[in-house]
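Q: The following block contains the structure, expressed as structure tokens.
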Amino acid sequence: MAGRIIENEEVVPNVRRLVLEAPQIARRARPGQFIIVIPDEVGERVPFSLADWDADAGTITAFYLEAGVSTLKLSRMQPGESVHALVGPLGRPTVIKKYGTVLVGGGCYGLGAMYPLVRAFKEAGNRVVALMEGRTSYVIYNEEKVREVADEVIICTADGSRGIRGHVKEAFEALSEEGRKFDYAHFVGCTYMMMISSKATEPYGIPTVVSLNALMVDGTGMCGCCRVLVGGETRFACVDGPDFDGHKVDWDQVFSRLAAYVPQENLAYQYLKCREAGSVRASPVREEVRP
Amino acid sequence: MSKRPQLTPRERMAIPRAKMPEQDPAARATNFREVPLGLTPEQAMREAERCLNCRKRPCVAGCPVGVQIPEFIALVAEGRFVEAARLIKETNVLPAITGRVCPQEVQCEGNCTLFKKYGGVSIGALERFVADYEREHGLVEIPPKAEPTGKKVAIIGSGPSGLTVAGDLIKLGHEVVVFEALHEPGGVLVYGIPEFRLPKDIVRAEVDYLVRQGVKFEMNAVVGMTYTMDELFDELGFDAVYIGVGAGLPRFMGIPGEDLNGVYSANEYLTRSNLLKAYLFPDYDCPLPPAKKVCVVGGGNVAMDAARTARRLGADVTIVYRRAREQLPARAEEVHHAEEEGIHFQLLSNPVRIIGEAGRVVGMECIRMRLGEPDESGRRRPIPIEGSNFNIDCDQVVIAIGSAANPLLTKTLKTVKLNKWGYIEVDKNNRTSDPRIWAGGDIVTGAATVISAMGAGRIAARSIHAYLMGLPQPGEEGAEGEQ
Ligand SMILES: Cc1cc2nc3c(=O)[nH]c(=O)nc-3n(C[C@H](O)[C@H](O)[C@H](O)COP(=O)(O)OP(=O)(O)OC[C@H]3O[C@@H](n4cnc5c(N)ncnc54)[C@H](O)[C@@H]3O)c2cc1C
Ligand SMILES: Cc1cc2nc3c(=O)[nH]c(=O)nc-3n(C[C@H](O)[C@H](O)[C@H](O)COP(=O)(O)OP(=O)(O)OC[C@H]3O[C@@H](n4cnc5c(N)ncnc54)[C@H](O)[C@@H]3O)c2cc1C
Ligand code: SF4
Ligand code: SF4
Ligand code: FES
């Protein structure tokens, strides 16, 4: 059954690999696309990037960070259970072309999401350099997979415990200072990383694409929740993206919209914890109107 | 219909129009339960006595699907409610829904002989009554099914038009699969129209009814992404496809400030509330933060639904509409309900800019309008009055100025012709330029009504059936069942 959990394992602290049964998504998936998951019947629709798929086995893989209610709920689900809903693949696939030397930089969940990009750019005949960033050495995951398909893997850590000290941006700058040339750059992961990395490639005139993670509801272009300003135009990240030109994205607006629900997200998180601790119950009025 | 108690027309006209019991405005403005409570059997029978059984049946002419109105009303008058429901269902498969949401005052009731002087017969309320009666008493019967034909039909979209096609074709013995992008079936009936106007139990009951007849629903399937059209035909073996994907692309105004936090399309606002049950946050996870003052831009049903939802979430709500009250396109009942619930109307006004602070909405600048000459739509065109700008304080703005064709599926179709606005072109049988594909509802007409989407579905179903069985197309030489 689509949505059955095959694996839901913590790979490094706070990051899990989720493997789901989804034969139809697996046979259609292309690099750069995402899925939407609803953890349980009262859940919201949460997007995750596709980090791998296996059309023969009928499975898909995503990596997620435990960030709030939805991902907390997911983290507690066991193999054999099913998510309430699973839809995909969504979004335009990344445009894969032969550019020459391609830099793919990832951090956070992007360490997972970068794998299909690296693989596809490699298959298209590029020389692919994968830049993998983490706060510290032991939070880097998915490295073996990326190594299988990249020409070169460069690790960078914020605390300097492994590889280059710094983030994707600093690593890119270090490589550029060494005289390395890139014909195309692609960043996926947390918004801050994507922004500063895009700003870093701009002076070099390197075409740069980012996979944005705007807040979404339906994921089919129906609601406009995911709108982002790119080159002065409003675009819907779920259907026009999630990939956009990193030099044209209005980053202030992206950050602002991402923060729209922070108080509610915190409330929902605390509420879930309190309910689990038995200190609040759903109010009777609410129970009454519940389906 | 001679068995009816013999009242004279004068006596019939003397019966006052039934007043549907409603939740008190003050109470209902804080809950999401249905507002009109439905007629009692006595009220329904009394209301039915008002019908004059006009020979020319003007009411029927006003109904887009030609419900046999005087005939079903005669059955109501005799207390034969279930028979009345079944008679309606011969032309309209979702009477519990249309009875609630049709704009009756411009359709059946607006055409009723009694409309001007006495108020039309409450056809919608009666339709709702008999359908509720049948359902609530567990008297809905599964209709007999024709022998399996071995033909398979895919329906894309589970809105009213898709559901109608499914219902018609399953009875004729075809295998029917409905593909739906969202996780709940019903289209606008579940994600757009709020609970207080159309309880979701009713939509669910209609879907269950189709499931019991053998219709398969595949949810979370976005055709164009999860499946391609070619795959439906070539790999999954469908013989025909019906496209009923609605007009789900929100329109924005293109004014400064629309990307601020706190600005929503009506689709987003209503989807959060209805489909994802944000009004039950945090019992449900999807948030829709409460606002103090909400401005809703627009004057249709969608605007009324958004405004009344915001009111129930605790806000002080103003509807901003660029024409005058008489031009509000919403159903009369919705406008009336909105007014009763304390929603303000800022008419003849149009937003020019949304004002923000630290990324959030704090107000909206509007300009006053006056009405000029009639435009193509026959309505007087609103013209801005220069220098009349004014500000409204608000912390949320909901934009409900209409929707357009969502290209997600249509842009992947090579053989289906679209018009210049991206809607699908069809012939009089709702067949597209690809002879294996039909389309209907909002994706053909642009945003319209539930009943017209159902009407299109009915026409398409007949044509699909003829195609599958190798019969002449309806309207062609030798076609059966021409009416
Ligand atoms: C196209 C796309 C692909 C994505 N891919 C992945 C993925 O592969 N793995 C993954 O873990 N996450 C991914 N995300 C982000 C993920 O959807 C959010 O982290 C998710 O909403 C968290 O839900 P929650 O209920 O657990 O947390 P919430 O309660 O919603 O949020 C908790 C905290 O996370 C922050 N937050 C929420 N959403 C985002 C976001 N989109 N970007 C940055 N911060 C956010 C909130 O501000 C809040 O502080 C993706 C998002 C998009 C749009
Ligand atoms: C808020 C609101 C209030 C309204 N109030 C009224 C009213 O009071 N009275 C009235 O008569 N009309 C009303 N309408 C209009 C009426 O709801 C629509 O005209 C009607 O629902 C159109 O029906 P449909 O079957 O064409 O499409 P929809 O109801 O729009 O359903 C289309 C379905 O197709 C699905 N879909 C879209 N793309 C795909 C895809 N690629 N693959 C699979 N599935 C897909 C969508 O998710 C959706 O579920 C209202 C509309 C709105 C938005
Ligand atoms: S379907 Fe709508 S228009 Fe037709 S009779 Fe019923 S309420 Fe009136
Ligand atoms: S027009 Fe009115 S009074 Fe006449 S048959 Fe129709 S419902 Fe009855
Ligand atoms: S998430 Fe609704 S339009 Fe993109």
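Q: Among (1) in contact with a Leu (Cβ under 8 Å, 6 or more places away or on another chain); (2) at the interface with chain A (Cβ under 7 Å from one of its Cβ atoms); (3) closer than 26 Å to B:I443 by Cα, there is one condition B:L249 misses while meeting the rest; what is its number?
A: (1)
Q: Restricting to region B:41-74, count the residues that are more than 20 Å from B:A14 (Cα to Cα), away from ligand 2 (no atom under 16 Å from the Cβ) and surrounded by 24 or more Cβ atoms within 10 Å (Cβ to Cβ).
A: Matching residues across region B:41-74 total 2.
Q: Do you know which of the residues in region A:236-253 that are within 10 Å of chain B (Cβ to nearest Cβ) and in contact (Cβ under 8 Å) with a residue 40 or more places away in the chain is surrounded by the most Cβ atoms within 10 Å (Cβ to Cβ)?
A: A:C238
Q: Here's another thing I want to ask about it. Out of contact with any Gly (no Cβ under 8 Å at 6 or more places or on another chain), surrounded by 18 or more Cβ atoms within 10 Å (Cβ to Cβ) and of a type in the set (A, V, I, L, M) - does that describe any residue in region A:46-61?
A: yes
Q: Going by what's in this entry, would B:R308 be described as more than 23 Å from B:N261 (Cα to Cα) and basic (K, R)?
A: no
Q: Got at least one residue in region B:334-350 being in a loop (DSSP other than H, G, I, E, B), more than 14 Å from every other protein chain (Cβ to nearest Cβ) and modelled with pLDDT under 90?
A: No, region B:334-350 has no match at all.
Q: Please go through region B:252-267 and pick out each residue that is surrounded by fewer than 24 Cβ atoms within 10 Å (Cβ to Cβ) and either facing another protein chain (nearest Cβ under 9 Å) or in a helix (DSSP H, G or I) (or both).
A: Across region B:252-267, the qualifying residues are B:F252, B:G254, B:E258, B:D259, B:L260, B:N261, B:G262.
Q: Could you list, in sequence order, all residues of region A:36-52 that are without any contact (Cβ under 8 Å) to a residue 60 or more places away in the chain and either not assigned by TED's automatic domain parsing to the domain that holds A:A22 or not charged (D, E, K, R) (or both)?
A: Within region A:36-52, A:V37, A:I38, A:P39, A:V42, A:G43, A:V46 qualify.
Q: Then there is this: Pairs, please: C-beta under 6 Å, at least 6 apart or cross-chain, first residue more than 7 Å from chain A (Cβ to nearest Cβ) and without any contact (Cβ under 8 Å) to a residue 12 or more places away in the chain and in region B:275-286, second crowded, with 21+ Cβ neighbours inside 10 Å and not in a loop (DSSP other than H, G, I, E, B)?
A: B:A278/B:R272
Q: At least 1 residues that are within 16 Å of ligand 4 (Cβ to nearest atom) and of a type outside the set (D, E) in each: list the helices (runs of 4 or more DSSP H) lying fully within region B:1-106 that qualify. Steps first, answer last, please.
A: Numbers: elements: B:9-14, B:25-28, B:41-48, B:58-62, B:69-77, B:81-89, B:95-101.
Helices (runs of 4 or more DSSP H) meeting the threshold: B:9-14, B:41-48, B:58-62, B:69-77, B:81-89, B:95-101.
Q: Take region A:71-102 and flag every residue that is part of a loop (DSSP other than H, G, I, E, B) and facing chain B (nearest Cβ under 9 Å).
A: Across region A:71-102, the qualifying residues are A:H84, A:G91.
This table checks each residue for (1) within 16 Å of ligand 1 (Cβ to nearest atom); (2) surrounded by fewer than 18 Cβ atoms within 10 Å (Cβ to Cβ); (3) of a type in the set (G, A, S); (4) within 20 Å of the chain's Cα centre (by Cα).
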| residue | (1), (2), (3), (4) |
| --- | --- |
| B:R100 | no, no, no, yes |
| B:E109 | no, no, no, yes |
| B:E127 | no, no, no, yes |
| B:E134 | no, no, no, no |
| B:H137 | no, yes, no, no |
| B:V140 | no, no, no, no |
| B:E147 | no, yes, no, no |
| B:V153 | no, no, no, no |
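Q: Let me ask something additional. If I filter region A:188-207 for residues that are within 17 Å of the chain's Cα centre (by Cα) and within 21 Å of B:G254 (Cα to Cα), do I get at least one hit?
A: Within region A:188-207, none of the residues are within 17 Å of the chain's Cα centre (by Cα) and within 21 Å of B:G254 (Cα to Cα).
Q: Another question about this same structure. Say whether the condition of being away from chain A (no Cβ under 12 Å), under 21 Å from A:V239 (Cα atoms) and in contact with a helix residue (DSSP H, G or I) (Cβ under 7 Å, 6 or more places away or on another chain) is met by at least one residue in region B:231-243.
A: Yes: one or more hits.
Q: Here is a follow-up. When the residues of region A:13-33 are narrowed to those that are under 20 Å from A:L212 (Cα atoms) and within 11 Å of chain B (Cβ to nearest Cβ), which ends up nearest to ligand 5 (Cβ to nearest atom)?
A: A:Q33
Q: Is it true that A:L65 is on the phi < 0 side of the Ramachandran plot and within 16 Å of ligand 2 (Cβ to nearest atom)? If you could, list the steps in order and put the result at the bottom.
A: Working: on the phi < 0 side of the Ramachandran plot: yes; within 16 Å of ligand 2 (Cβ to nearest atom): no.
When the stated conditions are applied, A:L65 does not pass them.
Q: Hey, among B:A266, B:A278, which residue is at negative phi and modelled with pLDDT of 95 or more?
A: The conditions single out B:A266.
Q: Going through region B:452-468 one residue at a time, which ones are of a type in the set (S, T, Y) and within 13 Å of the chain's Cα centre (by Cα)?
A: Matches in region B:452-468: B:S452 only.
Q: Give the residue, chosen from A:G91, A:G105, A:G80, A:G32, that is in contact with a Cys (Cβ under 8 Å, 6 or more places away or on another chain) and either more than 19 Å from B:F179 (Cβ to Cβ) or within 13 Å of ligand 1 (Cβ to nearest atom) (or both).
A: Exactly one residue qualifies, and that residue is A:G91.
Q: Need the failing condition index for B:Y321 against (1) aromatic (F, W, Y); (2) surrounded by fewer than 24 Cβ atoms within 10 Å (Cβ to Cβ); (3) away from chain A (no Cβ under 14 Å), just the number.
A: Of the numbered conditions (1) aromatic (F, W, Y); (2) surrounded by fewer than 24 Cβ atoms within 10 Å (Cβ to Cβ); (3) away from chain A (no Cβ under 14 Å), the odd one out for B:Y321 is (2).
Q: Looking for something small (G, A, S), touching a residue at least 40 places away in the same chain (Cβ under 8 Å) and within 16 Å of ligand 3 (Cβ to nearest atom) - is there at least one such residue anywhere in region B:19-37?
A: No.
Q: Being closer than 16 Å to B:P194 by Cα, at pLDDT below 95 and crowded, with 22+ Cβ neighbours inside 10 Å: is that true of B:A303 here?
A: So B:A303 fails the test.
Q: Shifting gears a bit: In region A:224-235, which residues are facing another protein chain (nearest Cβ under 9 Å) and not hydroxyl-bearing (S, T, Y)?
A: A:G224, A:C225, A:R227, A:V228, A:L229
The values are calculated or read from the model by the stated rules, or taken from the named source; none is laboratory data. Here the structure is a predicted model, which means the values were calculated and not measured. A quick note on method: Cβ atoms are made from the backbone with ideal geometry, for glycine too, and the neighbour counts reach across all protein chains shown.
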